[in-house]
Structures are given as structure tokens and as C-alpha cells.
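Below is one structure, written out as C-alpha cells; comments come after it.
The values are calculated or read from the model by the stated rules, or taken from the named source; none is laboratory data. Remember, it's a predicted structure, so these values are computed and weren't measured experimentally. When we count neighbours, we look across all protein chains shown, and the Cβ atoms used for this are built from the backbone with ideal geometry, even at glycine. The accessibility values were calculated without ligands, DNA or RNA, using every heavy atom of the protein model including side chains. Shrake-Rupley method; radii C 1.70, N 1.55, O 1.52, S 1.80 Å.
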Amino acid sequence: MTRIFRGFFIVWTVLRFGLDELVLSSFEKPWIRVLTRIVSTGRNLKAPRGERLREALERLGPIFVKFGQVMSTRRDLLPPDIADELARLQDRVPPFDSIVAVAIIEKAFGRPLDRIFATFEHKPVASASIAQVHFATLPDGREVAVKVLRPNMRPAIEKDLALMRMMAGWVERSSADGKRLKPREVVAEFDKYLHDELDLVREASNAAQLRRNMQSLNLVMIPEMFWDYCMPDVMVMQRMEGVPIGQTQRLRDAGVDMKKLARDGVTIFFTQVFRDGFFHADMHPGNIQVSLAPETFGRYISLDFGIVGTLTEVDKEYLAQNFSAFFQRDYKRVAELHIESGWVPAKTRVDELEAAIRTCCEPYFDRPLKELSLGMVLMRLFQTSRRFQVEIQPQLVLLQKTLLNIEGLGRELDPDLDLWSTAKPFLERWMLEQVGPEKLLAQLKAEAPTYAKLLPGLPRLLTQYLKSPPGINRRELDELLAEQKRTNKLLQGLIYGGLGFVLGLMVMQWVFRVRVF
């Protein structure tokens, strides 16, 4: 019943804010325009369409706000007025009352606010779909940012996830395409990452891991976590000062090299994915700033680590080979990789899949980013995948989402950035590191403790084996032969029984015919 009521609420919200009119008005056929006027009768839809869409998503809750945040980075796919309104969802979601935030903090630490912080700013500096942030000062004078989880988040998310599971089941049962897309597995992945985002201690540990991984790169700054002040509902971290990456004119006026900034963003993404297999998976503009401090001028500042993606060594190797083959326009290798990985049926013809992939990708190469839409490439690949029954891999959904975010950021910073040529040398270098002598030495070093334990005992084990009485091995061989004989007898019994059954049927048929005729 809860899911049914939630479904009715979603439909009511769509009608209240006129989202149905927004969709219908995008069609140019006369009869659809007449239908649009009919459904709009009696409703006040004077507010701009982008504002209505943003307010509807805010009303529907955190999952829909997350969807709006992702879409706001795709200005190539959305009209400017809608993209500008959705951008407000990134860090300008309406905050909740600071009195409630103080109550959550005091409950988490078990003492009054003035005994936790020397100063605390009640007005939040940022408000997102899951939490909001206040500036404060610790008793020892360190300036910090305090992240507080929104109240009653878990019940609200559980309702939406239950509805999404039900809808995913309908989609999966309704068609072969639905089963191929694995919607229930995708929802399960979304469920996992949303619940991870609701645990701020987990977010703090994600930030600490990324901070260690990226420390040597000197391209991105990640705040330090203060573990004595981290709880499931409250997280205290180093205060970072920077300019939101969406304020491009302010960055240009400050003298930031926008082309370098765009290239650095691509480098950070591919380093996290292919070197570490651990990447920041919520890289919308609201979570990215740029430092203007003299000692760290032009560096990225990453915030909000509730959602991170992880890749296994197999995933990384497969993706790297695919990217490398794409950059070299080796579409045959891409097709072979899809078949080898089991993404498409083994009986698929390589030449047909190769031709389909070439048709999708070839028109988009050698174009600057301002003329290249990864969204359009993915859409055409999706249309092609239906023909070849390609199975969507749920574990890579976050990577696809993050790649779309990177493209959106790159277009904002440097419309002429060629994503492919920027990433190609990085991937080629990574591939060489995976098969070169450095990788071999690293693997030998990692296995050295195991070898150190095994090698001294090898002469003793070899001597024991050579000195062991031959009867021990003979006994094991006799047991194996006896088992084989029992299996042969069973097979003989089955064969004789089957032959007897067939002969019995033939005799009965013969008797029946003799009696009748």
C-alpha cells in the first residue's frame, strides 16, 4: 500500500507542476499541441518550465534530486533554461532548520554544542539532497566544516527504492529488452550506494582513502577527516576554501588556466579509475571547487564522498583494453572483447558487431568536445546493443554516470577539449605499466612474503615425497580404480535397463498386433 500511495503522489506531483505539459509541448505534431492545451486547461502553469521541473524534483525527494543533479551537467542535451534551474539542485537545495541540525549534533556527541565547538555558524553554507554543511571552529582553533545528515532520510529513501524495485520488476517481466538491461540489479546497485551515502563514517573513510591515493598527483585537494568528531549522522572535516567550478568567469578573472584545468580533470578521473580502481563517483559541479590560494593555485578541491566506485583488476584491464581499442579505432578488437567477456552471446559474428560499433563511433572522432556528445554515442550504442543482445553490466553504471559528469565539466571549462586525445596517452602508458617489467617487479614484491615462507620448506617437502613408501600412492590409485569400476557398473546397469525397456515395448507391440489381426 505504501508503494501505491507513493505512486499516486508521484503522479499528483507531475500533474501539479505540469510536467506532463512540459513533455507534450516538445512535440510539433498539431494533434499533440491540441492535447497539450486540453490537459493544461484549469491549471496555473505560468511559472517557467525549468522552475517547475526543479520544484517537482525537490518535492519528490532525494532520489529525484540526485537525478536532476546528474542531468544538470548535460547542457548539450537540455535547453539552457532547464539546465540553469537544475544546476540549483547541486548545492542550493532548500536547507532544513538549523535548530534541527544542532539537535542532531548534540544527540550524536551526547553533549551541548558549546562543549563541542568553540564557534558554530547556524546558517548553512551548502545544502544538498542528503545533508547540509555548517562552518565551525574546534576548541583548539582549527577551522572545520560540519556535515549533518538530513532528518528522516532513511524512511523516505526506502519508500522510493521500494517503488523503484516494483517498477524494475515490471520492466524486466514486460519485455526481452527489459530483462537484458537488468533493471533490478541496477536498482540494487543504486540502493547500495544510496545507503552508503547515508553513513557519514563511511563517507569519511572514502575521503581518507582518496586523499592517500591522490596525494602524490598534486592536482586535487581532499579535506582531512577529524575522526574524533565523525559519527554516522555527523562528520567534521577540514574547511576548504575555493571557488565553485561552475563559476567559470570568476575563475578566468582570477587567472586560472581553463584549458589546463580541463585536462587535469580528465587526468584525475582516469588516474582514479585505472590506477587505483577507486574513484569519486559524484563529480557534479556542486562537489568540485578550485583553489585560488597562492600555494595551491589552480588545483581541484573535491567534496562529498558519499558515493565512490570500485573496480576489480579484471574490470580495469577490460575497460582499459576497450578504451585503448576505441582510441586506436580498432573496432574489431572492441567486438572481440565484448564476446570474450560474455557481454554478448558467443555465437555473435565478430564482423557484424565490428561494423555496428564502427557505424556508431566513427562519425564522432576527430571532433572537438564542443561538437562531440558522449550521450549521443552511448544512445546509438544502446540502440545497436538491442540487436546484439548486449547485457548491461550493473557494476559499471557508476562509471558511466561519472564519465558523463566529466564530459559536462569539460565542456564548461574548455569547449575545445578533445577528451579522446587527452586520455589516449594516459591509457597507453597505463597499459605499458600493466605488462612491463615494473608491473612484474611489483607483483614479485607483493608475493615475496609468501615465497619467503614456502621456499625454505620446499627441499624438505620434496625429500619427504621421494622417501614416502610407494604403497601410499598405490593405495590412492587403487581407491580411484575401485571408484571407476563402480561407475562403470552403474552405467552398464542403466544401458541394460534401457535396452530391456525398449525390447519389452517391442514385444508388447508384437503381441498386441498378433491378437488384433
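Peptides 453-462, 344-353 ranked from most to least packed, by the mean per-residue count of other Cβ atoms within 10 Å: 344-353, 453-462. Summarising the label geometry, the points placed 7 Å from Cα in the beta-carbon direction at Arg165 and Arg59 lie 2.8 nm from one another. Decide, for the range 218-264, between rounded, prolate and oblate: order the square roots of the alpha carbon gyration tensor eigenvalues as a ≥ b ≥ c, take rounded if a/c falls under 1.5, and otherwise choose prolate if a/b is larger than b/c, else oblate. Prolate, because a/c is 1.5 or more and a/b exceeds b/c. Taken over the Cα atoms of the range 202-241, the convex hull encloses 63 Å³ per residue. Pairs from the list Lys192/Lys259; Lys123/Lys259; Lys147/Lys192; Lys159/Lys192 with a Cα-Cα gap above 25 Å: Lys192/Lys259; Lys123/Lys259.
For the range 279-318, the gyration tensor built on C-alpha atoms gives a prolate shape. Its axis ratio a/c (a ≥ b ≥ c) is at least 1.5, and a/b is the larger of a/b and b/c.
Residues in the range 228-286 average 37 Å² of solvent-accessible surface per residue, probe 1.4 Å, ligands and nucleic acids excluded.
Classify the range 100-156 as rounded, prolate or oblate from the Cα gyration tensor: take a ≥ b ≥ c as the square roots of its eigenvalues, call it rounded if a/c is under 1.5, otherwise prolate when a/b beats b/c and oblate if not. Here the range 100-156 falls in the oblate category.
Shown in residue order for the range 287-294 are the 3J(HN,Hα) couplings computed by the Karplus curve 6.51 cos²θ - 1.76 cosθ + 1.60 at θ = phi - 60°: 9, 10, 10, 10, 6, 10, 5, x Hz (x for Gly and Pro).
Taking amide hydrogens as placed 1.01 Å from N in the peptide plane, the amide H of Val308 sits under 5 Å from those of Ala281, each at least 5 positions away in sequence or on another chain.
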